[in-house]
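Read-outs: derived from the displayed coordinates by stated rules, not from any lab. Predicted model only: the values in this text are computed from it and were never measured. Here the Cβ positions follow ideal geometry from the backbone for every residue, glycine too, while neighbour counts run over all protein chains shown.
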Amino acid sequence: MRILRTLAELDAERDRHGRSSGLGGVCVPTMGALHEGHATLIRLAASRGRCVVWVFVNPTQFNDSRDFERYPRSLDADAEVCRRAGCEVLFAPRPQDVYPSGVPIEVPALPSVATEPGLEDRHRPGHFAGVCQVVLRLFRLLVPDAAVFGEKDWQQVQVVRAMAAEHMPGVDILGVPTVRDADGVALSSRNALLSLRGRFAAVGLSRALEVAGREPAPEAAERSMADVLRSSGLGVEYAVVRDAETLGPPRGRTCRALVAAWSDGVRLIDNAPWPGGL
Ligand code: AMP
C-alpha cells in the first residue's frame, strides 16, 4: 500500500499508472479514525478494483468548530486498517492540497434531497454544502470509476448520488449496510467521544429503529421511536419515517426510519428500512 500526502505525490502515482487524470479504481472517502465499518467499505472497494482510501477531516462540512477540533485523528492506526482491508493507495492530503489558497474550489448546486427533508440539512446547516464540495473535489482529483459510502449516513448517500449524477455521472455510487456492535449500536468515529453512560444510552437509537419496524403506520412508528429515545435518556433531534430516496413524506414506496439524538453531549444518527427495522 502506498501512502500519498500531497498533490505532487498523487500526480506521480497517476503517471506510474500511465493515466492522464486521476487514479481510477474504487475510492472510499473518509475522515479517518477508521473502524470496522470503514474496513467493510474498503474490503468491498478492494473486491471491485484498485481501492483508494481518502482520509481528510474536512473543515467545510462541520457546522460547529468545536466538533471539528475534537474530531478524532489517528493516521498511523488508519493506515494499518487500510492495509489489512486491501487498500492499494491511501491518500491523506494536507488542507492546502484540498483547498489551495487563491484557487476557487467549485461548490456544486445542492440537490433537493440536501435542502428539503428537514433532517441533517436542518440540524447541521452548511453540512451538505461542505460534503458536496469536498466529494466533488475528491472525484475531480481521483477520477474514480466508483465510490463507496456507508448507509449509516443515509441522507448523505442520497445527496452524493444525486450530486454525482449531475456533476460526475461516470462515478458509480455504492452503498454499504451499517456495521454495528454486538449490542446494535452503529459503529461511528464519534463513539470514541462517548462517556460510559453515553455509550450505554446510545443503544436507544437502534432499539428505537427496531421497535418502529414493527409498527403498522408511519405516525405510530415515529411516536414509538421518540418514546424509546427519550426513555433511553437521549435528547431527540428527529425520529421520522420518510421515502427512502427523496426523504420526503412516505408515499407507499420504499421507506426508511431515521433518527438523530444526543447522548451525553455527542450527536449520533442511525436509520433502518421501514417497515422491517434492523
Ligand atoms: P466518516 O469517516 O465518518 O465520514 O465515514 C466515512 C464513510 O464510512 C461514510 O460513507 C460513512 O457512512 C461510512 N461509515 C461510517 N460508519 C459506518 C458504519 N458503522 N457502517 C458502515 N459504514 C459506515
Taking the dipole of region 70-210 about the Cα centre (Lys, Arg +1; Asp, Glu -1; charges at Cβ), the one of His127, Pro111, Trp154 that reaches farthest to the positive side is His127
Do any trypsin sites (Lys or Arg not before Pro) in region 212-278 lie in a DSSP loop with no more than 10 other beta carbon atoms within 10 Å, and if so, which?
Arg251, Arg253
Quick one: angle between helix 218-231 and the longest Cα principal axis of the chain, in degrees between 0 and 90, rounded to 10, please.
90
With 10 angstrom as the radius, rank Cys132, Cys255 by how many other C-beta atoms surround their C-beta, starting from the fewest.
Cys255, Cys132
Gyration tensor verdict on region 153-278 (Cα atoms; rounded if a/c is under 1.5, prolate if a/b is larger than b/c, oblate otherwise)
oblate
For the chain, longest principal axis from Cα atoms; helix 203-212 axis from its Cα atoms; angle between them, nearest 10 degrees, is 60
How high is the relative contact order of region 51-206, in percent, with contacts defined as C-alpha pairs under 8 Å that are six or more residues apart?
22
For region 9-116, state which trypsin sites (Lys or Arg not before Pro) are in a DSSP loop and have at most 16 other beta carbons lying within 10 Å of their beta carbon.
Arg19, Arg73
Report the convex hull volume per residue for the chain, counting only C-alpha atoms, in Å³.
125
About the Cα centre of region 141-198, how large is the charge dipole given +1 on each Lys and Arg Cβ and -1 on each Asp and Glu Cβ? Please answer in debye to the nearest 20.
280
Could you work out the helix-only [θ] at 222 nm for the chain, with each DSSP H run of four or more residues adding -39,500 (n - 2.57) and the total divided by the number of residues, to the nearest 500 deg cm²/dmol?
-11500 deg cm²/dmol
Please get the size of the charge dipole for region 24-85, origin at its Cα centre, with Cβ charges of +1 on Lys and Arg and -1 on Asp and Glu, quoted in debye to the nearest 20.
300
Mind running the shape call on region 174-216? Use the C-alpha gyration tensor, a ≥ b ≥ c as the square roots of the eigenvalues: rounded below 1.5 for a/c, prolate if a/b tops b/c, oblate otherwise.
oblate
If a/c stays under 1.5 just call it rounded; otherwise compare a/b with b/c (prolate if a/b is bigger, oblate if not). Do that for region 1-93, with a ≥ b ≥ c from the square roots of the Cα gyration tensor eigenvalues.
oblate
If I fit a long axis through the Cα atoms of helix 7-16 and take the longest principal axis of the Cα atoms of the chain, what angle between them do I get, 0 to 90°, rounded to 10?
70
Given charges at beta-carbon only (K, R positive; D, E negative), |dipole| of the chain in Debye:
300
Using mean Cβ contacts within 10 Å as the protection proxy, how do 153-163, 87-97, 169-179 order, highest first?
153-163, 87-97, 169-179
